[in-house]
1. Got at least one residue in segment 328-338 being in a loop (DSSP other than H, G, I, E, B), closer than 19 Å to Met397 by Cβ and in contact (Cβ under 8 Å) with a residue 24 or more places away in the chain?
2. Restricting to segment 304-324, name every residue that is without any contact (Cβ under 8 Å) to a residue 60 or more places away in the chain and either in contact with a helix residue (DSSP H, G or I) (Cβ under 9 Å, 6 or more places away or on another chain) or assigned to a loop (DSSP other than H, G, I, E, B) (or both).
3. Considering Asp147, Asp187, which residue is more than 24 Å from Phe2 (Cα to Cα) and not in a loop (DSSP other than H, G, I, E, B)?
4. If you scan segment 155-196, which residues turn out to be of a type in the set (Val, Ile, Thr), open to solvent by less than 80 Å² (accessible area, probe 1.4 Å) and more than 30 Å from Pro10 (Cα to Cα)?
5. Determine whether segment 349-366 contains at least one residue that is more than 21 Å from Asp394 (Cβ to Cβ), out of contact with any strand residue (DSSP E or B) (no Cβ under 7 Å at 6 or more places or on another chain) and at pLDDT 90 or above.
6. I'm trying to understand the selection: among the residues of segment 299-346, which are among the polar types (S, T, N, Q), under 27 Å from Gln406 (Cβ atoms) and either open to solvent by 20 Å² or more (accessible area, probe 1.4 Å) or touching a strand residue (DSSP E or B) at 6+ places or on another chain (Cβ under 8 Å) (or both)?
7. Taking the conditions exactly as written (surrounded by fewer than 19 Cβ atoms within 10 Å (Cβ to Cβ), at pLDDT below 90 and touching a strand residue (DSSP E or B) at 6+ places or on another chain (Cβ under 8 Å)), does Asp431 satisfy them or not?
Amino acid sequence: MFSCQRCEQPIRLDESLGDLSTASVDLLLAPLPDDNVPESTTQIQIRPGRTLNKSSKQTSFKPETDVSSLAKRSVASPQISNSSRSSASNNKESFLGPSESYVMLPRSHITVPPNHSTENSIDGANPDDQQRASLSYRLKLASRLFDLMSSRSEIDHPLCQECTDMLLDSLSKQLSDASRERDCYLDFVKKVNSRVISDTKQDDLRKEIQEIKIRESRAIATLKEIERERDNMKLELADLEKEAKELDQLEESYWQEFNDFHILLQTFQNERDSVNLKYDHDARQLEKLQKTNVYNDTFCISQDGNFGTINGFRLGRLQTQPVEWSEINAAWGQALLLLATIANKLNFTFKNYRLVPLGSFSRIEKIGDDNAVYGLYGSGDIAISRLFHNSRFDNAMVAFLNCVQQLGEYAERQDPNLKLPYSINKDKIGDRSGEASIRRQFNQDESWTRALKYTLTHLKWILAYASSSNHDWVKQKSNLLSR
């Protein structure tokens, strides 16, 4: 058995390789003729195992082939020792021993005598010996053929089918690359040959060269003229450089004065910008202070359903929403404080009444003959002793409504464009849709709550007018001018 020299896989040889005749073997083992040497002097490489005769033109194959070649290409049996394996692997690279020689003879002097002794010995042997001799002969023949093929190329033989296909593909690619490279060289040679200049064109080129030389001489003359002009220009340039230096000195003195003046101007502009920035800042602060409305932040009047509220305290009472009297009294204290603050801002004095804001226990004093005092706070007790107190609470609310009416009429006189949303008639306040009494006794909770809501809305409009009025600012300005 033989193994592939690439993949080391065992391969089986074709049967036709062992059935070669002696003439076929001699033809395969014969060296290739050299194209440069005549046929009569063809050089032939003779290996050991061949017998040459000058009177014969053929060579005969000697079965006693080098054992190393056979061991190289056959699969090693298990009985072979490690030393024999190593010797076989070493002989793979050098299967030609030092005893081999090469004799160069003309082809006409090569003759191989028939090997009668070998044939007679084979014929005279028993059938088993003939079979072993035939098998040995085939193996040695195949080994010598593979040695010959390996020596004439860069590829070791034998090869399996898959390795042979891969080798053929690689060689095909190399052939294709070589063909393309050859075509490129041929195209280049054609281009080079096509660019050969003809005699007519050479004459034209010579004429063109003569014309170029004439133009060159004229250009040289022009160049000399230009050089003379250049020398004259250098003299003029020297004079101009002197004038430029004088101008540079004047310019330097000018820029020095300009820089001094610019520094002074920059200092003045910085001072001016600083003053302007301070003025703008003060003006913005003044405008911000003028637009600041402390009253809206201090007294926040809004609505919570059917109730009017001031600073979050509900003013009124319903059967479905019984508000605590402590919350109602706190709301009345905030409302009375707001009314007194607006009157003080507008420098207004109420007629017949004086406001005394005391939180949840605020009161209104009547100025006149009786000097009555009305407490602006109520209670939920229904005792007989509380009836007199409730009447005073009603009088206090009527007095509060009268003060709101006086302050509203004053604001409308001051600003004709101001029109308050509700009208006040004694103890009633409302609009065209209806009026509600501000008294608590003998009144329904819904009507009383609506009257209180109208009162706070009316008071909010007066607060908006007082916040936009410049009454305080005019007074302060007059005081500053008098100083």
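The values are calculated or read from the model by the stated rules, or taken from the named source; none is laboratory data. Source: prediction; values computed, not measured. We place every Cβ from the backbone using ideal geometry, glycine too, and count neighbours over all the protein chains shown. What goes into the accessible areas is simple: the full protein's heavy atoms, side chains included, and nothing from ligands, DNA or RNA. Shrake-Rupley method; radii C 1.70, N 1.55, O 1.52, S 1.80 Å.
1. Checked against the condition, which is being in a loop (DSSP other than H, G, I, E, B), closer than 19 Å to Met397 by Cβ and in contact (Cβ under 8 Å) with a residue 24 or more places away in the chain, segment 328-338 yields no hits at all.
2. Residues satisfying the conditions are Gly305, Asn311, Gly312, Phe313, Arg314, Thr320, Gln321, Pro322, Val323, Glu324.
3. One residue alone meets the criteria, Asp187.
4. Correct list: Val189, Val192.
5. Checked segment 349-366: at least one residue is more than 21 Å from Asp394 (Cβ to Cβ), out of contact with any strand residue (DSSP E or B) (no Cβ under 7 Å at 6 or more places or on another chain) and at pLDDT 90 or above.
6. Ser302, Gln303, Thr309, Asn311, Gln334, Thr341, Asn344
7. Yes: the conditions hold for Asp431.
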